[in-house]
Amino acid sequence: MEQRQTDSRYWYGATEAEQRQRAVEVLQAFRLYRAAEVAMRRRTRDSMSMGENELLVLRYLLKAAREDRQVSPSELTRYLGVSTASTTAIVDRLERSNHVVRVPHPTDRRSVRVVATARSDEEVRATLGDMHERMMAAVIDMTPEESAAVVSCLTRLQDAVDRVDAHPVGDDASDVLP
């Protein structure tokens, strides 16, 4: 009678090499998605004749409008992480292109709020609407378990990249380099 050699993975799961290979495949898929998303954002900026920060401001303002929130220029400054002068220049450009308007603050006459125009909302929807529908179609039929796995993975990856620490500064920085 021939004795079959049993594969210990049957009882104990994948080998470390197999786990690493799956991890590499997942990370590569995310890298490829990120590259596709960056290319899409570049095409969107080009088609709308805007820079990255202008597009970020528009998306932020449109989201605030959906949430029925008013946005100040200083809030935009904090969101973008740029100087107040840069924020003013961005809002000026968006105002000249009729994408935003400055409106007086309802209770503080010294302040203004920045609001996206209806034209902006229409343009963003026209530019990105089909892409959003394709993205929704790509994930709408996921099972609750598949959705939970993707969300969990993305959350763990976000946590991993958010934990990037500044390099230690010592008397001799060369001792921390590989």
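Please tell me if MET40 is modelled with pLDDT under 90 and surrounded by 14 or more Cβ atoms within 10 Å (Cβ to Cβ). No.
Can you name the residue in the range 121-178 that is at pLDDT 90 or above and of a type in the set (Val, Ile, Thr) and, of all such residues, is farthest from the chain's Cα centre (by Cα)? So the residue we want is THR143.
Exactly one residue out of ASP121, ASP92 is open to solvent by less than 60 Å² (accessible area, probe 1.4 Å), under 18 Å from ARG59 (Cβ atoms) and either of a type in the set (S, T, N, Q) or assigned to a helix (DSSP H, G or I) (or both), and it is ASP121.
Looking at the range 133-144, can you tell me whether even one residue there is open to solvent by 60 Å² or more (accessible area, probe 1.4 Å), of a type in the set (Lys, Arg) and assigned to a loop (DSSP other than H, G, I, E, B)?
Scanning the range 133-144 turns up no residue that is open to solvent by 60 Å² or more (accessible area, probe 1.4 Å), of a type in the set (Lys, Arg) and assigned to a loop (DSSP other than H, G, I, E, B).
For the range 48-70, the candidate set comprises residues that are surrounded by 12 or more Cβ atoms within 10 Å (Cβ to Cβ) and small (Gly, Ala, Ser); within that set, the residue that is nearest to GLU122 (Cα to Cα) is ALA65.
Looking across the range 95-117, the residues that are open to solvent by less than 100 Å² (accessible area, probe 1.4 Å), touching a strand residue (DSSP E or B) at 6+ places or on another chain (Cβ under 9 Å) and in a loop (DSSP other than H, G, I, E, B) come down to HIS99, HIS105, SER111, THR117. Of note, ARG102 does not satisfy the criterion of being modelled with pLDDT under 95 and not hydroxyl-bearing (Ser, Thr, Tyr).
For residues that are part of a helix (DSSP H, G or I) and of a type in the set (Gly, Ala, Ser), tally how many sit in the range 11-52. Break it down into steps so the answer makes sense when it comes.
At the first step, the residues of the range 11-52 found to be part of a helix (DSSP H, G or I) are 11-12, 16-48, 52.
Imposing the further condition that a residue be of a type in the set (Gly, Ala, Ser) reduces the set to 17, 23, 29, 35-36, 39, 47.
Here the count works out to 7.
When SER152 is tested against (1) closer than 25 Å to ARG31 by Cα; (2) outside any helix (DSSP H, G or I); (3) polar (S, T, N, Q), just one condition goes unmet, and that condition is (2).
The values are calculated or read from the model by the stated rules, or taken from the named source; none is laboratory data. Given the structure is predicted, the values throughout are model-derived calculations rather than measurements. Ideal geometry is used to build each Cβ from the backbone, glycine not excepted, and the neighbour counts take in all protein chains shown. Surface areas here come from the heavy atoms of the whole protein model, side chains and all, with no ligands, DNA or RNA. Shrake-Rupley method; radii C 1.70, N 1.55, O 1.52, S 1.80 Å.
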